[in-house]
Amino acid sequence: MLKIQEIREIIKLIDQTGIEEFKYKTEEGEIKLKKGGAVQVVETAPAAQAPAAPAAAPAPAAPAAQPAPAAKEEPKPQEAAPAAASSDENLLEVKSPMVGTFYKSPSPDAPPFVSVGDKVKPDSVVCIVEAMKLFNEIEAEMNGEIAQILVEDGQLVEYGQPLFLVKPE
């Protein structure tokens, strides 16, 4: 069955699109999501597992449906961040284009894509954001020098969340 974080990501993706209803079905059960509606989880697993899964899934899923308004209110804090960045040497932000997990290197034993002080170009890969088991390379999209890394390796990031501060050249 889907993990709670995967359900939250699906909810956010549905909120960002025109999709009104989503249904996912496996041998273990099915999940139905409707915009403006509730999450419905139907388990077809043995009875010993059935009470645990429905009790766990709807409780976190209901709060997950509420972050959509919070995401719409999110630009207010982000508007404050560029103001703070502008007073700090006119630094620019590299933002996450999606919800997912931030990784600073291509694999756990590999060196990070960038470190503080590294020069970047618009096509320089600065990190990976994993979303729905897909690893997406994030590019700097600007010329400059990495001034600060704002997130930790393995940290969950939101759409539009600043990942790096870059001193433009």
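Please treat every number below as a calculation from the coordinates, not as lab data. None of the values given here were measured: they were computed from a predicted structure. Heads up, the Cβs are rebuilt from the backbone with ideal geometry, glycines too, and the neighbour counts pull from every protein chain shown.
Miscellaneous remarks
- When restricted to residues that are part of a loop (DSSP other than H, G, I, E, B) and within 11 Å of Tyr103 (Cβ to Cβ), the stretch 122-169 contains 5.
- In the stretch 1-29, of all residues being assigned to a strand (DSSP E or B) and of a type outside the set (D, E, K, R), the one that is farthest from the chain's Cα centre (by Cα) corresponds to Gly29.
- Qualifying residue in the stretch 113-123 (condition: surrounded by 15 or more Cβ atoms within 10 Å (Cβ to Cβ) and within 26 Å of Ile11 (Cα to Cα)): no
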